[in-house]
Structures are given as structure tokens and as C-alpha cells.
Amino acid sequence: MISTISDATREVCKLIDRQENKKLGVILDSNKGRYKLAYLFNEKQEREIILIVFKRAHFLSYSKQFNVDAGHGESINKEDLDKAISRGINRVFIVYNDGKIYMIHQKIITSQAFVRKTDNEGKETYSFDIKLLTRFN
């Protein structure tokens, strides 16, 4: 069970180290600590920056909200993803509290997602079909 963004970051970085032999360098907070930017390095010290997002549940009303026959969706704060992209991220890892980790390339999100304003904070989000996610663990 994963219960915090710190747990999620630790799990993603362990998996990436095992699967891709990349080591964690620096972690920065994003979206009031809800997301993490992780700087990873391979043996040649080549850098990759990833965005890690911790979620408790899918966007359950995605189909209804966008009038599509897709089932559940996912959403990411647009401003924070755009900032992460400007820093050079390519991959986004979404971690759920049940321990499942998914990956999606930022270009898929920015090219295929709906953009909407949230009701509670009035911020824009990228919202997309969960079928675009690839299981990572």
C-alpha cells in the first residue's frame, strides 16, 4: 500500500533503477507537494527528468464529463505539467495507493487530452482516457 507522494516517488525510483539502471539525483516538489520532479542519472551521468504523480483513485466521471464512451480517465494539473515539460520531462509516472504504477509520455497527454477547468480550484487540467497509460510494474 502506498499512502504518500514520498512513498510513490521511492517506489518509482526503485523500479527505474532496477529496470533501467538510473539513479535518483534530486527531487523537487510541484503542485504544493502533490507531484515530484525527479532527476535521474545513468552510468554516463546523462540526465532524465520525470514527473511522479500520486493518486488515490481514477477520474471516475471522465466519460460523463466529456461525453465519451471511454470509462474512467485521469487528470493532471495543466500548469504544473507545462512547467515540468519546460524543464525537460518526457515521462509521467502515475502511482495509485494500491501500488500500481503507470507511465505515459507527456506528448500523449498534451496531444490527446481534454483541457478543462476544475470546479473546486478553477485551475485547468489535462484529462485523458486511462487506456493511454502503460503499466510499469
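Bear in mind that the values in this text are calculations on the coordinates, not laboratory data. No experiment lies behind these values; they were computed from the predicted model shown. Every residue, glycine among them, receives a Cβ derived from its backbone with ideal geometry; neighbour counts consider all protein chains shown.
Given 0.36 nm per residue, what is the gain on full extension from residue 18 to residue 107 after removing their alpha carbon distance, in nm?
Taking residue 18 through residue 107 to full extension adds about 29.5 nm, to one decimal.
Given a Förster distance of 25 Å, report the FRET efficiency between residue 29 and residue 114 from their Cβ-Cβ distance, rounded to the nearest 0.05.
0.40
Which of rounded, prolate, oblate describes the range 5-135, given a ≥ b ≥ c as roots of the alpha-carbon gyration tensor eigenvalues and a/c under 1.5 marking rounded, otherwise prolate only if a/b is larger than b/c?
Verdict is prolate for the range 5-135.
What are the residues whose amide H is under 5 Å from the amide H of residue 97, where those residues sit 5 or more places off or on another chain and H is modelled from the backbone?
Result for residue 97 returns 55.
Mind pulling the angle between the C-alpha long axis of helix 78-87 and the longest principal axis of the chain? Nearest 10 degrees, somewhere in 0 to 90.
So the helix axis and the longest Cα principal axis differ by about 30 degrees.
To the nearest 10 degrees, how steep is helix 5-20 against the longest Cα principal axis of the chain, on a 0 to 90 scale?
Once rounded, one gets 60 degrees.
Restrict the search to the range 77-114; then list the trypsin sites (Lys or Arg not before Pro) that DSSP places in a loop and that have at most 14 other Cβ atoms within 10 Å of their Cβ.
Here the trypsin sites (Lys or Arg not before Pro) that fit, given the DSSP loop and packing criteria, are 100.
Amide H of residue 22 versus every other amide H placed in the peptide plane: which residues, excluding those fewer than 5 positions away on the same chain, fall under 5 Å?
Answer set, sorted by chain and number: 17.
Using Cα-Cα distances under 8 Å and only pairs 6 or more residues apart, what relative contact order does the range 5-135 have, in percent?
Computed value for the range 5-135: 20 percent relative contact order.
About the Cα centre of the chain, how large is the charge dipole given +1 on each Lys and Arg Cβ and -1 on each Asp and Glu Cβ? Please answer in debye to the nearest 20.
120
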